[in-house]
1. Just to be sure I understand, how many residues within region 275-309 are free of Cβ contacts under 8 Å to residues at least 24 places away in the same chain and among the basic types (Lys, Arg)?
2. Look through region 95-123, keep the residues that are within 51 Å of the chain's Cα centre (by Cα) and outside any helix (DSSP H, G or I), and return whichever of them is modelled with the lowest pLDDT.
3. Looking for something part of a helix (DSSP H, G or I), within 22 Å of Arg85 (Cβ to Cβ), over 35 Å from the mean Cα position of the chain (by Cα) and without any contact (Cβ under 8 Å) to a residue 12 or more places away in the chain - is there at least one such residue anywhere in region 189-198?
4. Scan region 525-538 and give yes if some residue there is crowded, with 17+ Cβ neighbours inside 10 Å, outside any loop (DSSP other than H, G, I, E, B) and basic (Lys, Arg), otherwise no.
5. State all residues of region 262-316 that are among the polar types (S, T, N, Q) and more than 24 Å from Arg570 (Cβ to Cβ); if no residue qualifies, say none.
6. Taking the condition touching a Lys or Arg at 6+ places or on another chain (Cβ under 9 Å), at pLDDT 95 or above, at positive phi and surrounded by 16 or more Cβ atoms within 10 Å (Cβ to Cβ), does Ser320 pass?
7. Yes or no: region 542-553 includes at least one residue that is assigned to a helix (DSSP H, G or I) and polar (S, T, N, Q).
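The values are calculated or read from the model by the stated rules, or taken from the named source; none is laboratory data. Values in this document were obtained by computation on a predicted structure and should not be read as measured data. In this analysis, Cβ positions are derived from the backbone assuming ideal geometry, glycine residues included, and neighbour counts consider all displayed protein chains.
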Amino acid sequence: MIRQIAGTLAILAALFVTGAVSWVDQWIDDTEIPPLILPTGVEVLDRDSELLRAYTVENGRWRLAVSLDAVDPGFIEMLIAYEDRRFRDHAGVDPRAFVRAGWQALTTGRVVSGGSTLTMQVARLLEASGTGAWEGKIRQIRLALALERRLTKDQILTLYLHLAPYGGNIEGLRAATLTWFGVEPRRLTAAQSALLVALPQAPSSRRPDRFPDAARVARNRVLDRAVRYTALTEVQVDWARAAPIPTLRRDFPALSPHLADRAVAERPVQGSHRLTLDAGLQQRMEVLARRAVEGQGARMSAAIMVVDHRTGEILASVGSADYTDTARQGFVDMTQAVRSPGSALKPLIYGLAFDAGLIHPETRIADRPTSFGGYRPQNFDNVFRGEVSVSEALQASLNIPAVSLLDAMGPAQMLSAMRRAGMEVTLPEGEGSAGLAIALGGLGTRMEDLMSLYAALARGGTAVDLRWRADDPQAEGQRVIGPVASWYLGDVLAGVPPPPTAPRARLAYKTGTSYGHRDAWAFGYDGRHVVGVWLGRADGAAVPGAFGADISAPVLFEAFAQLGVPMTPRAAPPLGALTVGWSALPTPLRRFGGSAHAEPGPEIVFPPAGVVLAYDPTLPVVARVAEGAPPFTWLWNGAPVVTGSREREVTLEAPGAGFGELTVIDASGRAARVDVELAP
């Protein structure tokens, strides 16, 4: 009978345990789990994935994405050793830890250690529930058990790395390492790891910037346990105990805020944006921009851009002297603002004139009072210099020669070249077509567009699309001017005297000042980089006495010095460049005679533009010109092949198979050209 009763009780007990286990199993399975995909702040990174700028999540909290493999293994080891030594073995709840915590509380009369596992802490943080009430503790246990069934241990750890509080509005390990140490989580020291293990237990009372002594005590307590349960030695722990506690909360990186805002606005749902910028260079240029406006008044601002013209990559983009300075309207990105370029467009005019065969750097050109249909431009100093060389006219930024050249070619040709360079142009309101005033900055364009133009001038005359997203492909642009004209420009601009305090480097550069001294520009280039500088007021007000040569050019030379690499030499003279003095020039190139509207200019009637001629090295090429005034000079790819000819039909020695440009210049300096292919 006793055996029967005992058997029955055993069966009942087994059924009870089985039912209880089944009920608990179902209880865990029915647990409502909060969302496990946590919002993290948008990040903008540089070309090497270094953080340029980060954005907060809801309620202004800093929480940044971090993966387990991007964290120093020593931190993970120390965290588990201190918080939950059996983390890898338990199912979310550690009964031994609960028994130990209860016994310690019973025997000492106070809480010595907690029984919460890392998984339970994650459960509490996911729901922002308290730690003291039994109802909350049971909910944490239930959710912890459910999480362990749903997730791997590494996934649970990753949640902890995003949710742990580190004081104030700092959540998650990566936000904490950047705030308190200015480093990424993969580069933590033992002392730093110990402090970051201790902080989440009492983030308010252990904040190192407010309570450094409490933070030190808590950190050292973690180190004491690390000696016993991690691979750290006594010597390493002693070094860690001696390390200072950080007492200042660091600001998050906020480099290139304008371009970062632009990237996020274009792709608002993208969590990470990698740009072509160089974080170190960007920081140096921002410091330089702030320094450039010191002593210039409370409303003065500055913008600086650096471009690698070989690839079109923007390496630095500073939109204002201080993004947060409301007096300077620092929130306005002056690399995108439409402004007058002043004389910064003159190199394009000369480049087009070189390309058309109208002038050579040694050509003499008049700088004297001239009326262009009632338009009477003046030089900035109201002084006229008579006849000067083209090089001198461009280097001195004289207005009359530039307008004379544009008058000969027509404003439409200049606008077309600007568009080929990738520029957007805004003409003055009410003007349907451009006039000669565009030679002196009588239009609107952006700094970024001007950088596109100078990149084209620097790289042999062919444009390249500027890009600032690292995942955008490199795209070759259109030809703006030919390589010979491009080389002439670089050689002439390299002869512009540098500012008095600048090094004697042969930097090809040009300055510009808009009407009313509203914009002071400087653009320069070597064989690799183009740098642009703007100084002025974001509200468009005048800055009396501000000239590009005086205030922007010194900043330009300092920017090149800050690049961190030696200046790259520009290319050697290309085939067809005439590196001769004035006396050796063909007669039509010795002096520029103006546009001569009364007579039609020369026109090449044979060979027609774009024709393909059969190439025979034993036979000459016949060329014929109509209109124009003899004598004529004929050039093949910019090099003279016939000079002083009064005949309208000439024979040219076969110049060789391939593509070429045939140019004729008449006695008045007017030119015509056609592209021809000689095919074998």
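1. Number of matching residues: 1.
2. The qualifying residue modelled with the lowest pLDDT is Ser113.
3. Checked region 189-198: no residue is part of a helix (DSSP H, G or I), within 22 Å of Arg85 (Cβ to Cβ), over 35 Å from the mean Cα position of the chain (by Cα) and without any contact (Cβ under 8 Å) to a residue 12 or more places away in the chain.
4. yes
5. Of the residues in region 262-316, the ones among the polar types (S, T, N, Q) are 270, 272, 276, 282-283, 296, 301, 311.
Scanning region 262-316 gives Gln270, Ser272, Gln282, Gln283, Gln296, Ser301.
6. In short, no.
7. So the first thing to find is which residues in region 542-553 are assigned to a helix (DSSP H, G or I), and the list is 548-553.
Filter once more, so that each one left must be polar (S, T, N, Q): 552.
Yes - at least one qualifying residue is present in region 542-553.
Okay, residues lined up against (1) touching a Lys or Arg at 6+ places or on another chain (Cβ under 7 Å); (2) within 17 Å of Phe372 (Cβ to Cβ):
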residue	(1), (2)
Gly422	no, no
Thr426	no, no
Leu436	no, yes
Leu440	no, yes
Arg446	no, no
Asp449	no, no
Ser452	no, no
Leu457	no, no
Gly461	yes, no
